[in-house]
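Comments concern the structure below.
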């Protein structure tokens, strides 16, 4: 297998509300909108939004999962100020801050928010300010 991830798809409760959050709240560029899906371009990766029951059916798994799913999406920025600003933007757009920004155990600076469906996003600044 080639070492690559091209699409991260989130199962969402309300597709229109999730589109508004990611497009209007976070300012992500909407690439494509279909009746049951939406896709945002994130550099070399695409973020997909798909109704949770349909995504579960597509993967042939139950749709009633709850609690921590064991995954987060991370977004590295260049400075602590950008971490703070991005978390403020997420909260203003309808996200919920679940971990305020702080110096992390690994030496960087990060905080977490949850989108309207509870998917966790980490916003982080590495000790050297790299974004990759």
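The values are calculated or read from the model by the stated rules, or taken from the named source; none is laboratory data. Please read all numbers here as calculations on a predicted model, not as lab measurements. Neighbour counts run over all protein chains shown; Cβ positions are idealised from the backbone, glycine included.
When the range 34-43 is examined, which residues are found to be in a loop (DSSP other than H, G, I, E, B) and either touching a strand residue (DSSP E or B) at 6+ places or on another chain (Cβ under 8 Å) or at positive phi (or both)? Step through it out loud before you land on a result.
Initially, the range 34-43 is screened for residues in a loop (DSSP other than H, G, I, E, B), giving 35-36, 43.
Hits for the range 34-43 are 36, 43.
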*Kindly list, by first and then second residue, each pair from a residue in the range 82-105 that is at positive phi to a residue that is in a loop (DSSP other than H, G, I, E, B), limited to pairs with Cβ atoms under 7 Å and residues at least 6 apart or on different chains.*
94/116
*asked:* Can you tell me how many residues within the range 87-120 are modelled with pLDDT of 90 or more and in contact with a helix residue (DSSP H, G or I) (Cβ under 8 Å, 6 or more places away or on another chain)?
replied: 15
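Each row is one residue, and each column tells you yes or no for (1) surrounded by fewer than 17 Cβ atoms within 10 Å (Cβ to Cβ); (2) at positive phi; (3) in contact (Cβ under 8 Å) with a residue 24 or more places away in the chain; (4) out of contact with any strand residue (DSSP E or B) (no Cβ under 9 Å at 6 or more places or on another chain).
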position: 2; (1), (2), (3), (4): yes, no, no, yes
position: 7; (1), (2), (3), (4): yes, no, yes, no
position: 18; (1), (2), (3), (4): no, no, yes, no
position: 27; (1), (2), (3), (4): yes, yes, yes, yes
position: 32; (1), (2), (3), (4): yes, no, no, no
position: 46; (1), (2), (3), (4): yes, no, yes, no
